[in-house]
Amino acid sequence: MGVVKIDLPMTTLAQPFRRVFTYLILGGFLALGTPLVHSEANKKLDGIVLIISDGTSLELITTTRDYALGADGRLAWDKFSATAFVRTYSASDLVTDSAAGATAMARGIKAINGVLGQETPDSTSGPASILDLAKAKGWSTGVVSDDSVTGATPAAFLVEHRNRSQYDLIADKILDQFGKRADIVLGGGYKWFSDRSADPAIKYKDGQVAQVQKNAEKREKSGVAYFDDWNAFLSAKKGDKPVLGAFFPDAFPYYADGTRALRLRDMVGEAVKFLKAGDKPYLLVAEAGLPDKACHANNAKRAITEVLELDATLDWLKTNAGPNVLIIVTTDHNTGGLIFNGPPAPLRTKGDALLGKNPVSEHPYLTWASGPGANPPKPDATPVAEGHVEATQPALLPRGSAFHTGGDVWLVADGPGSETIHGSIDNTDIYRIIAKEIAEN
């Protein structure tokens, strides 16, 4: 609410009535506790949290809500006050990949697909990362992902590199950024920071082991506090050293598979705790990377479970981050083209029933535009039950891995500064929104 303004005709007779009437109205607002100036405008930010849920379409969020809560339920995602639509094309394509999508948000530029933190593979440098802007203002900074920290989304904030797939070289560059761009980095990908070639379950390509050995030596000399075990991380006294935590060889396993206890919410919570300990504002960038991987595989149950993991993280942030933290949540692109089919679609349907056939139409509730769900099963394949975590749903275009799709994506936000976020924006505007808030605090 802005400053209260009352206009009455300015005749000589009206002036005393205007004065009395104004005092009465202003007194009423004050008695009701109504601010005369928008309360958000005077708040200094304690922090900004940007969450990127990779490959997460609106259709997937709706499906997740229906699956877990029913059509009239409300996710934490639904309780954010600001909303916008976001355009996502890249410098090279109508349909972005994660590298260009993250670069747009991290650097405020359109990049060629596959390139991290710079416009083209041949660029000699990239523009400042949003992490640089925060550091220049004396803020603490961190990056969290349940993918490898060398993956495209976190890496675009941390480094500049010509090829998103050169994970060993990206890891080397990440090690250069501790204390400069990042105070804490948590996620997966320990195979890129320590040589695990003796483990038969961990694979490297030709030439990567030599680079990883260099990375390990560099890490040991860097002064960075390094953890590859979550419990060791929790029990350690962190002090003033920058922290690198890499808790799985590469990306985390799916939470639905039941093979891990560590959650995205846990890492975000610990990162916030670490950053707040410095008693200064902070910027945290966090990625929920696994919805994208599940959508590439046409695997709805895993995708839904990962969106619920995201939602648990958002719930934690809304409860614990504090009123002076700007939280922005978005996705980089849609993946797979998930479609929730109907009508008919019986209103109270929820849970695993949504993963199978509609009993009324006898068609699947869920289908995909592209992906492995279009491929006929191998003759000797064991059938997978519809509600099983490995089950896929039918797709139209056969692909080993589903395409991204080019539609506009969603953004939600809450906290000081969120009132300026609305309408149709570009993904590069996310950089500008955050940069403006950093500059003004």
Is there a residue being part of a loop (DSSP other than H, G, I, E, B), within 23 Å of ALA303 (Cα to Cα) and of a type in the set (D, E, K, R) anywhere in the stretch 100-116? no
Residues of the stretch 52-90 satisfying the condition of being buried (at least 23 other Cβ atoms within 10 Å of the Cβ) and assigned to a strand (DSSP E or B): ILE52, SER53
Please work out which one of (1) outside any helix (DSSP H, G or I); (2) farther than 15 Å from GLU270 by Cβ is the condition ASN215 fails and give its number. (1)
With the condition kept exactly as written, say whether any residue in the stretch 240-257 is of a type in the set (Ser, Thr, Tyr) and without any contact (Cβ under 8 Å) to a residue 24 or more places away in the chain. no
If you go through ASP206, ASP240, the only one that is out of contact with any Gly (no Cβ under 8 Å at 6 or more places or on another chain), under 26 Å from ASP132 (Cα atoms) and among the acidic types (Asp, Glu) is ASP240
Determine which member of the set LEU60, LEU50, LEU69 is under 16 Å from the mean Cα position of the chain (by Cα), modelled with pLDDT of 95 or more and farther than 21 Å from THR405 by Cβ. LEU50
Consider SER92 carefully, then state whether it is at pLDDT below 95 and over 19 Å from the mean Cα position of the chain (by Cα). no
For the stretch 366-376, does any single residue satisfy the condition of being out of contact with any Gly (no Cβ under 9 Å at 6 or more places or on another chain) and part of a loop (DSSP other than H, G, I, E, B)? yes
Taking only pairs six or more apart or across chains, which ones have beta-carbon atoms under 6 Å, a first residue in the stretch 295-310 that is farther than 11 Å from LEU355 by Cβ and touching a residue at least 60 places away in the same chain (Cβ under 8 Å), and a second residue that is polar (S, T, N, Q) and assigned to a helix (DSSP H, G or I)? VAL307/THR64
Would you point out which residue out of ASN334, ASN324, ASN299, ASN320 is crowded, with 21+ Cβ neighbours inside 10 Å and closer than 30 Å to ALA435 by Cα? ASN334
Among the residues of the stretch 262-295, the number that are more than 17 Å from VAL149 (Cα to Cα), of a type outside the set (Phe, Trp, Tyr), in a helix (DSSP H, G or I) and in contact with a strand residue (DSSP E or B) (Cβ under 6 Å, 6 or more places away or on another chain) is 2
Output yes when any residue across the stretch 158-177 is closer than 24 Å to GLN118 by Cα and either part of a strand (DSSP E or B) or at pLDDT below 95 (or both), and no when none is. yes
Return yes when VAL185 is of a type outside the set (Gly, Ala, Ser), in contact with a Lys or Arg (Cβ under 9 Å, 6 or more places away or on another chain) and in a strand (DSSP E or B) and no when it is not. no
Which is of a type in the set (Asp, Glu), surrounded by 15 or more Cβ atoms within 10 Å (Cβ to Cβ) and either farther than 30 Å from PHE80 by Cβ or touching a strand residue (DSSP E or B) at 6+ places or on another chain (Cβ under 6 Å) (or both), of ASP380, ASP408? ASP408
Checked against (1) within 25 Å of TYR255 (Cα to Cα); (2) of a type in the set (Ser, Thr, Tyr); (3) assigned to a strand (DSSP E or B), THR150 satisfies every condition except (3)
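The values are calculated or read from the model by the stated rules, or taken from the named source; none is laboratory data. This structure is a prediction, so every number in the text was calculated from the model and none was measured. When we count neighbours, we look across all protein chains shown, and the Cβ atoms used for this are built from the backbone with ideal geometry, even at glycine.
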